[in-house]
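Here the structure is laid out as structure tokens; the discussion comes afterwards.
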Amino acid sequence: MISMTLLGERENGGLRHELRAARMIWTREMIHLARDRTRAVMSLLQPFLFLLVLGVGLSRLLASVGGDSATGEAYLVFLFPGVLVMASQAPAISVGASIVWDRQSGFLREMLVAPVRRSTVLVGKCLGGATVAAVQGAVVLAAAGLVGVPYRPDLFVLLFAELLLASMAMTVTGAVVAVTIRRLTTFNTVLGVIVTPLLFLSGAMFPLAAMPAWMAALALVNPLTYVIDAMRRTVGVFVDDAGLAEPVSWAGWVPPVPLELGLVAGFVVVVLAVAAHRFSRTE
């Protein structure tokens, strides 16, 4: 009876009903974030270690080799956007793990009997996961002053918007793997093989100009390359000397930031459509 009532509501509500269902799933992810504070705090340790231990160590090394302290300081500014994305990586890909886990526990089947499109369930989970990832990554913004990035509200709003897009790109990547692979152990292995190269080949830790030609070519087809470059160029507007921040270029032509973000948004739409199509067929 309840299903029939909800079915009638769906027929009458249409898009509004689907949006309401997606919002409820998004809210569920927010509640999980609020309740699991320990996991959120622990997942931030690694990016802070990268920024404050590895970053500082490498900046000192660059300063000693170059004989100029400004080079070391510039490297910390260069590294900062990559650390922001790194901080959001774990919560973003955990959405895929939650899909596999919900499937194994039977909870996903209970969600799918609801009178909403299966693509709505997937979109709600991805939006919720990306929001959680961006919020956790944004915590690293508190360390901006330690690496020479100014505390500017307008800068932080722009970085958060770009970080949300980066989180969505990683979330849909995890989701498309999750709807293809049914075993959690296999999912973790496959996703690790995919996500680690995505981060290393994004220019997060070293510039593309320092890569060999074959590695730079791979980096140019990596969506994270463009969103990190966009974040770095955004920071460069507010920092006078961002010496290591050479922008991404295609045969000498530097694509504008809106085009870079548009490419990442296109990647999100295509991968999400593939995941939704796969999700509707396999469950």
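The values are calculated or read from the model by the stated rules, or taken from the named source; none is laboratory data. Quantities reported herein were computed from a predicted structural model and do not represent experimental measurements. Accessible surface is based on the protein model in full, side chains and every heavy atom, while ligands, DNA and RNA are left aside. Shrake-Rupley method; radii C 1.70, N 1.55, O 1.52, S 1.80 Å.
Gain in length, Arg109 to Arg281, computed as 0.36 nm per residue apart minus the alpha-carbon separation, to one decimal in nm? Here the answer is 60.6 nm.
Both radii come from the Cα set of the stretch 193-242: Rg as radius of gyration, Rh as Kirkwood radius; their ratio Rg/Rh reads 1.01.
Expressed in Å, the radius of gyration and Dmax of the Cα atoms of the stretch 26-117 are 19.9, 66. Counting only the Cα atoms, the chain fills a convex hull of 143 Å³ per residue.
Taking only the Cα atoms of the stretch 144-266, the ratio Rg/Rh comes out at 1.00, with Rh defined as the Kirkwood radius. Dividing the helix sum by the residues of the chain, where each DSSP H run of 4 or more adds -39500 (n - 2.57), gives a mean residue ellipticity at 222 nm of -25500 deg cm²/dmol.
Accessible area per residue for the chain is 50 Å², calculated with a 1.4 Å probe on protein heavy atoms, without ligands, DNA or RNA.
Restricted to Cα atoms, the stretch 61-110 shows a radius of gyration and a Dmax of 20.4, 63 angstrom. When averaged across all projection directions, what area in nm² does the alpha-carbon convex hull of the stretch 55-195 cover? Its average projected convex-hull area is 10.2 nm². When His17, His32, His277 are compared by accessible area at a 1.4 angstrom probe, the order from most to least is His277, His32, His17. Against the longest principal axis of the chain, how steep is helix 37-49, in degrees 0 to 90 to the nearest 10, with axes from Cα atoms? Tilt relative to the chain: about 30 degrees.
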